[in-house]
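*Asks:* Dumping the structure here so I can ask a few things about it.
The values are calculated or read from the model by the stated rules, or taken from the named source; none is laboratory data. In this text the structure is predicted, and so the values were computed from the model without any measurement. FYI the Cβ positions are ideal-geometry reconstructions off the backbone, even for glycines, and counts take in every protein chain you see.
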Amino acid sequence: MKLGGFSMKYTIGEFAALVGVTADTLRLYEKHDIVRPRKDDHNKYRYFNDLDARNLLSSRWYRSMQIPLQDVAGLINGAPAERVVESIAAARMQLEAEIKRSTLLLNKMNEIHTELAEIGESYYQCRIRQMPGVYRIQQTHKNHLLQKDSLKKTAGVWMELLPFTFYSFRIENTRDIFGCAGLDYSWGLALLEEDQQKLGVCINDCMEYLQPSTCISSVIASSYEEDIERESFQFMLDYAEQQDYAIVGDIHGKILFTERMNGENQTFLEINIPAEPR
């Protein structure tokens, strides 16, 4: 767009409206030296010209492929073709990684939705399930947090893996549970073995491993503050006795979700008791 052989000049508002961006975007791009408005010495206004539109269009093209703005500035201000190709390739790889993560997240959300939608079928009802292998870190003794420096790094990493990780409990020495006065249990973040493999999570000495097992499984509800007591899942132990099953491993489970109604919290717990026919 020229008039009388000269490039037209535009105020920031005019130019922003013509090219379809905001004035703030133009100021940001000016800061990165992508567009270079000329300052009028008489009125101190900055004016953009037709060639600025070309640089702006090119920069927006690069940004549409999620190339970082600082990299776009380098491409606009002088870069060989090889660097352009490399920048697009790097952005493509980043997008592929994000799509993979988003796909895994969508699949996990579908699993969680199905699990929660089917709570009614398992609520205080016993069923036999094949439970997958689980990696777990112990972060409490009963309900008291452990002060272990060795756990802090892993806990931080696993918190970033939510919702693939989940809060789980494990009751120790449960083969003799019928003769126990109290339960020795712990809480901690856990990760399914199959998710550990999909996400490429490294294994270390802080983690426990629960073997895949056949379990008597059910869902119960408890108040937010109460300890885990044998009475809360006694009906599952009774079921084991009635069906002539032997307990063959530590009882474990997880928080499904917590419901708050009328000022009170109620937590839904999945409980799994490894068992096999006698």
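*Asks:* Kindly evaluate THR154 against the criterion of being touching a strand residue (DSSP E or B) at 6+ places or on another chain (Cβ under 6 Å), without any contact (Cβ under 8 Å) to a residue 40 or more places away in the chain and not assigned by TED's automatic domain parsing to the domain that holds VAL21.
*Replies:* When the stated conditions are applied, THR154 does not pass them.
*Asks:* Taking GLN66 as meeting all but one of (1) of a type in the set (S, T, N, Q); (2) under 30 Å from ILE99 (Cα atoms); (3) at pLDDT below 90, write down the number of the exception.
*Replies:* All conditions are met except number (3).
*Asks:* Of the residues in region 65-91, how many are assigned to a helix (DSSP H, G or I) and surrounded by 12 or more Cβ atoms within 10 Å (Cβ to Cβ)?
*Replies:* Going through region 65-91 one residue at a time, the tally reaches 14.
*Asks:* What strands (runs of 3 or more DSSP E) lie completely within region 188-273 and have 1 or more residues being farther than 21 Å from ALA155 by Cα?
*Replies:* 213-223, 245-247, 251-261
*Asks:* Ok, one more. I need the full set of residues from region 57-73 which are among the aliphatic types (A, V, I, L, M) and either touching a strand residue (DSSP E or B) at 6+ places or on another chain (Cβ under 6 Å) or more than 12 Å from LEU95 (Cα to Cα) (or both), in order please.
*Replies:* Once the filter is applied, which keeps residues that are among the aliphatic types (A, V, I, L, M) and either touching a strand residue (DSSP E or B) at 6+ places or on another chain (Cβ under 6 Å) or more than 12 Å from LEU95 (Cα to Cα) (or both), region 57-73 yields LEU57, LEU69, VAL72, ALA73.
*Asks:* Say whether the condition of being under 24 Å from MET109 (Cβ atoms) and in contact (Cβ under 8 Å) with a residue 40 or more places away in the chain is met by at least one residue in region 235-252.
*Replies:* yes
*Asks:* Right, another one. The conditions are (1) at pLDDT 95 or above; (2) assigned to a helix (DSSP H, G or I); (3) more than 28 Å from GLU208 (Cα to Cα), and GLY120 fails exactly one of them. Which is it?
*Replies:* Here GLY120 clears every test but (1).
*Asks:* I need the full set of residues from region 38-57 which are free of Cβ contacts under 8 Å to residues at least 12 places away in the same chain, of a type in the set (Asp, Glu) and surrounded by 11 or more Cβ atoms within 10 Å (Cβ to Cβ), in order please. Walk me through it before giving the result.
*Replies:* Filtering region 38-57 down to residues free of Cβ contacts under 8 Å to residues at least 12 places away in the same chain leaves 39-44, 54.
Still in the list and also of a type in the set (Asp, Glu): 40-41.
ASP40 - this is the single residue of region 38-57 that is free of Cβ contacts under 8 Å to residues at least 12 places away in the same chain, of a type in the set (Asp, Glu) and surrounded by 11 or more Cβ atoms within 10 Å (Cβ to Cβ).
*Asks:* Here is a follow-up. Hey, among MET131, MET109, which residue is among the hydrophobic types (A, V, I, L, M, F, W, C) and assigned by TED's automatic domain parsing to the domain that holds LEU191?
*Replies:* MET131
*Asks:* Kindly check whether there is at least one residue in region 189-206 that is surrounded by fewer than 12 Cβ atoms within 10 Å (Cβ to Cβ) and more than 21 Å from the chain's Cα centre (by Cα).
*Replies:* Checking region 189-206: at least one residue is surrounded by fewer than 12 Cβ atoms within 10 Å (Cβ to Cβ) and more than 21 Å from the chain's Cα centre (by Cα).
*Asks:* Residues of region 223-278 being touching a helix residue (DSSP H, G or I) at 6+ places or on another chain (Cβ under 9 Å) and modelled with pLDDT under 90, which ones?
*Replies:* GLU226, ARG230
*Asks:* Okay, moving on. Quick check: is even one residue across region 148-166 surrounded by 20 or more Cβ atoms within 10 Å (Cβ to Cβ), in a strand (DSSP E or B) and more than 27 Å from the chain's Cα centre (by Cα)?
*Replies:* no
*Asks:* If you don't mind, another one. Could you pull out the residue among LEU105, LEU145 that is loosely packed, with under 14 Cβ neighbours inside 10 Å and at pLDDT 95 or above? If you could, list the steps in order and put the result at the bottom.
*Replies:* Working: LEU145 fails: at pLDDT 95 or above.
Answer to the check: LEU105.
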